[in-house]
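Please read the structure below before turning to the comments.
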Amino acid sequence: MFRNQYDTDVTTWSPAGRLFQVEYAMEAVKQGSAAIGLRSKSHVVLACVNKANSELSSHQKKIFKVDDHIGVAIAGLTADGRVLSRYMRSECINYNYTYESPLPVGRLVVQLADKAQVCTQRSWKRPYGVGLLVGGLDESGAHLYYNCPSGNYFEYQAFAIGSRSQAAKTYLERRFESFTDSTREDLIKDALIATRETLQGEKLRSSICTVAVMGVGEPFHILDQDTVQKLIDAFEIVGQDEGPAAEPDAAVPAEQAAAGEGAGADTGSAPETDVAPMDI
């Protein structure tokens, strides 16, 4: 992606008014595995895809606890994300020690954005190559922010970052109006379906995804693999029940449709198992 002589320094402007090094950092976020965030009035759910570099290695942790009321999901360079999450954790501890109250989410996000912006204005530094979805709850309710390597930050109802995140964004854009009044279980279901959209045909399993939840009266915590797998199985069973039922009803009377479903349960259920979970 070498452009020209204007991309050798983060402080050098191109004639078109662009900082290529900052754009390269934003490109690093797009290369990372997907991370997804959703919020309702009372809950925030973060989810991410765990991709190992090799079959012999474990995956990198991509969701971090900052405080009981704040968590973060990252996409991009995990080492940069780990350093920034440690900084956020330190800020929360210092604020709590000084004021004896939790740090508001919006204030922490502004501090994080200011830290990222400094790296775009110093020739001896490089921009952080990581995007962060910061979810949290405070006195004003649930919040979900996206922090960009450029130093910009945006608040969202739901958002996805990382590779193949456009498929997840398309799903979230169709559903976001219902997220405000969604229950905890509905938010987790939508997060898992959005995560499945980024896999492009690969079967969603608890071993390749991580889900974290926080809410009113529920501190931030990461769901264990058994719980996530049970939720995935439950949602895929719903998809299988709804998928085959719609086609016979459109072509034949209700009695014949019921008979066709009974026969399919005996003979045709095995081939549909791998196909139905990808149908939304």
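Orientation-averaged projection of segment 1-62 equals 7.3 nm² [convex hull of Cα atoms, one quarter of hull surface area]. In terms of packing, defined here as the mean over residues of other Cβ atoms within 10 angstrom, the peptides 208-215, 149-156 line up highest first as 208-215, 149-156. Averaged over its residues, segment 81-180 has an accessible area of 51 Å² per residue, based on protein heavy atoms and a 1.4 Å probe.
Accessible-area rank, largest first, for Phe64, Phe176: Phe176, Phe64, with all protein chains present and a 1.4 angstrom probe.
Percent of Cα pairs in segment 15-161 per distance bin of 5 Å, from zero to the largest separation: 2, 10, 19, 22, 19, 14, 8, 4, 1, 0. With the cut-off at under 17 Å, measuring from each backbone N in segment 28-69 to a point 7 Å along the Cα-to-Cβ line of Asn96 picks out 64-69.
Scalar couplings 3J(HN,Hα) for segment 220-226, obtained by applying the Karplus form with A = 6.51, B = -1.76, C = 1.60 to θ = phi - 60°, are 4, 7, 9, 5, 6, 4, 5 Hz; x denotes Gly and Pro. A quarter of the convex hull surface defined by the alpha-carbon atoms of segment 153-226 gives 5.9 nm² as the mean projection. Taking 7 Å steps out from each Cα toward its Cβ at Val110 and Glu218 produces label points 3.0 nm apart.
Applying 1/(1 + (r/R0)^6) with r as the Cβ-Cβ distance of Arg175 and Arg126 and R0 = 45 angstrom yields a FRET efficiency of 0.75. Per-residue extension of 0.36 nm, minus the Cα-Cα distance of Lys61 and Glu155, leaves a gain of 31.5 nm for this segment. Using equal-weight Cα scatterers in the Debye expression, the normalised intensity of segment 96-232 in log10 at q = 0.09, 0.14 Å⁻¹ is -0.33, -0.79.
Note on segment 34-85: Kirkwood hydrodynamic radius from all Cα pairs is 12.2 Å, rounded to one decimal.
The values are calculated or read from the model by the stated rules, or taken from the named source; none is laboratory data. Since we're looking at a predicted model, the values are computed, not measured. Cβ sites come from the backbone with ideal geometry, for glycine too, and all protein chains shown count toward neighbours. Calculation scope for accessible area: heavy atoms of the full protein, side chains included, ligands and nucleic acids excluded. Shrake-Rupley method; radii C 1.70, N 1.55, O 1.52, S 1.80 Å.
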